[in-house]
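To start, the structure under review is shown below, and the notes come after it.
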Amino acid sequence: MFTLSELWSGGERQGSYKLLKPWWEVFMDYLLVLMLMVSILAGTLQLSRDGVVCVPVHSSSINYSSPMEPVSDFIFRSTPESPKIPVKGRRTNLDFQQYIYISQVCYHEALPWYSRFLPYVTLLHTLVLMASGCFWFHFPLTSARIEHFLSLLAKCCESPWTTRALSLTAKLDTRFSETEQAVQPKVQVTSSYKTRKSSLDSGTDSPLLAETDSPVLPVDRELARALFERVRRFRAHCESSDVIYKVYTAQTVFKVLKFILIVSYTTPLLGSISFSHICQPRSYALTGYSIFHCSHSLSSVLRKLMQAYVLLLFLFGLLGIYALSWIFHKSLRQYSFQSLREKGSMLDVPDLHNDLAFLLHMADQYDPLLAQRLSVFLSPVSETRLLEESLERRWGADRLRSMITSDQQGRSLLQLVALPRLPAALFTFSQLEVLKLELIGDAKLTAQISNMTTLREMHLYHCTASVEPAALQHLQEHLETLHLTFTQAAEIPVWIYSLRGLQELHLTGRLSNEGGMGRGWVLGSLRQLRHLRVLVLRGMLQKVPGELSELAGSLLKLEIYNEGTRILVLAGLRRLTGLAEVQLQGCQLERLPSALLALTGLRSLDLQHNSLRTLEELLGLQHLRRLSCLRLAHNHVLALPASVGVLRSLELLDLAHNQLQNLPLALFTLHKLRRLLLAGNLLEELPAEIGALKLLSELDLSANRLERLPKELFESCVELRNLNVLNNSLGSLPAGFGGLTQLSRLDLRGNSLEELPVELGCCFGLRGGGLLVENWLLHTLPRQVRDVLQQPSSCPSSEPPSRPNSDCFPTFSAAQWSFHSALESRI
């Protein structure tokens, strides 16, 4: 139900609704008020004074033979004058109560319904018309949008940023007009628009990007940023439907139909409102008369009031018909700022659609300047300028300088996360070497990047990066490493393929065939990267692209992390004969790829985190005479074949986290082997032939089932520096530890040892935490040995000191030194 204040437009909840009332709506509201007053006046008169006055008609006095003579004239005709008694009227023999009774009966029986109820009907119609006039302001699907629009419009008009932008635009337009008149007085508006549009595209002559002398306070700037976001969301919400347009059109059609209905039955009835009426009540037994003549006292006033009502209604209907013609003859679901563009201002304001366009059309009927003020917050250039000022204030040179750190290589590094765009102060750091940009909405690299002469590495993590031509030329000459993270391959910027000086490229994202790599256009452009040495791909490939062959002359290292997706085709590797390092992880490989046999210059092969079960193809690797590093950890290898012995140049072999139960003797013929990693297998015994690996410096046997270690390991592998036997089943350690003078790390935790050999005191490299063992087991050593092992490792040489007062043992007592000398001679 609508309250009376809601039905009456003068009592609307928000006076700002008048911004959406065109001139015809205002006139229609005034007409409705007048129609309401006429209806209320007629109804009030009818309630307070309405009634009929009835007199009886003598049947004997009626001359029915003369039909042309009205009954009323016959009744009121004067009787023959009596010479004796003056005539005072006809005696009826009725008392006052009988007259009242007859008047009441005849009011309901003789008076037509429209004479009794027409004021009330017109009042009801007026209320319905008033309700339909403001229906779109109160309908649930439209009222929220209208109130939100009016709130945004008010904030846009009050914002200092609006005043600044419009004043600056006006100054620029005036200046442009003066120059235009001086050079060419008769230039057409269309040519002016084209000139300004081209200048906008070049980014050099935008009214909102020019400088101004009127500063905006930081608080107002933050409010303007929030208002830009609100306008953007409201636009997306309103342009998704046209419910306001449909509701307003429906209520206008309803008002016109209502007007036609009222006029169609009210106009004929006005002529039927008469003053006199004949009444024939069934009251002869009560009064002695069967016919009465009645007069309606308000008939003339009521007729005039209803005529005035119909006249007002006719004007109301004409306005409604005009509104309908305006709705159907004008495209109200599209709004263009063409007038602003023709004036040379706000060239970038987009056209609007659906409900937002309709609301602006309605606001234009009130004041066209309202749309111009709203256009400030629809302009991308205006928002760009605001963001630039905010960034310049919040992300100045001092703040950015305080964020610069150093990476592991000691290079200066700056990381920026979740900024709308790059601050201008960033391009002033000439000593910056590494730049990381993450989640930057508009990472535009301008020509000012040429000031960053030492920039060599850049990271782009989900950034929409664009480059100006001058900036691209600088990057082509100086940038060496680029890390790019994206979601789909189509998001890769095209300009990165022209970085001819790039040496290392990391691509992280979805690189499946559906993403475009299988068709070749993503990696096909890498042919321009003539100096590329390292290529790292982190994605879901189904094959190694054949387009990589175009990099065969420069590419030295290829890394593919496939996140568990099976690579079906590896033939693309055959043409990369210059590769020195290949890393294929998470590719679900079950056998060694045959394509590797063509890489005769290969030095390092990493096939970790795959599904290898057999290594029978190792024999085919004998042609890779330069292969020195082979990593096969985290696979399902059950046995190591004897053909591993053909890899004579191997220096590192990683077979950790497989299912090996024994080791072939051919493994110990690899005399160049320096690092042997066998952690996480099922080994129960280590062959004594391990002593043949004279150059072995690291041996990892953790998480196996070893119960003893061969003495040859300690007698022959004198270069051993790192020995890890964590989580095995060792019950004792053999003698000979004293010969491992290079040993700097020994992990004995998680075994079944009962004591430690005293010879550990001669392993000077274990001082300062190099020995990892349980505390209780450490106390099985003599105190003097524990003191030796607990000394800080500060001596640069691994040889024992020759004098008791050596700087390497500043805290040794005479007794401790005597014990140490005796222990050394015993060994």
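The numbers here are math on the coordinates, done by the rules we state, and not lab data. Since we're looking at a predicted model, the values are computed, not measured. With ideal geometry, Cβ positions are generated from the backbone for all residues, glycine too; neighbour counts draw on all protein chains shown.
Across the cross-link table entries Lys21/Lys246; Lys21/Lys258; Lys18/Lys330, which are compared at the Cα atoms, there are no separations over 27 Å. Okay, which of region 96-138 sit inside 14 Å, backbone N to the point 7 Å along the Cα-Cβ direction of Arg282? Counting only backbone N, you get 109.
Less than 5 angstrom separates the built amide H of Ser276 from those of His296, all sequence-distant by 5 or more or on a different chain. A crude spin-label estimate for the pair Arg745 and Ser240, with each label 7 Å from Cα along the Cβ direction, gives 5.7 nm. Per residue, the convex hull around the alpha carbon atoms of region 289-414 comes to 297 Å³. Between Ala580 and Leu777, full extension at 0.36 nm per residue minus the direct alpha carbon distance yields a gain of 66.3 nm. R0 = 60 Å: FRET efficiency of Gln790 with Thr464, Cβ-based, nearest 0.05? Here the calculated transfer efficiency is 0.55. Relative to the current alpha-carbon distance between Arg625 and Ser402, full extension at 0.36 nm per residue lengthens the span by 75.2 nm.
In plain terms, the chain from Gln97 to His58 could stretch by 12.1 nm, reckoned as 0.36 nm per residue minus the Cα-Cα distance. Once you sort the root eigenvalues of the Cα gyration tensor of region 536-641 as a ≥ b ≥ c, which label holds: rounded (a/c under 1.5), prolate (a/b larger than b/c) or oblate (the other case)? Oblate is the answer for region 536-641, as a/c is 1.5 or above yet b/c matches or exceeds a/b. Go ahead and run the numbers for FRET between Val301 and Gln338, Cβ-Cβ distance against an R0 of 51 Å, rounding to 0.05. It comes to 0.35.
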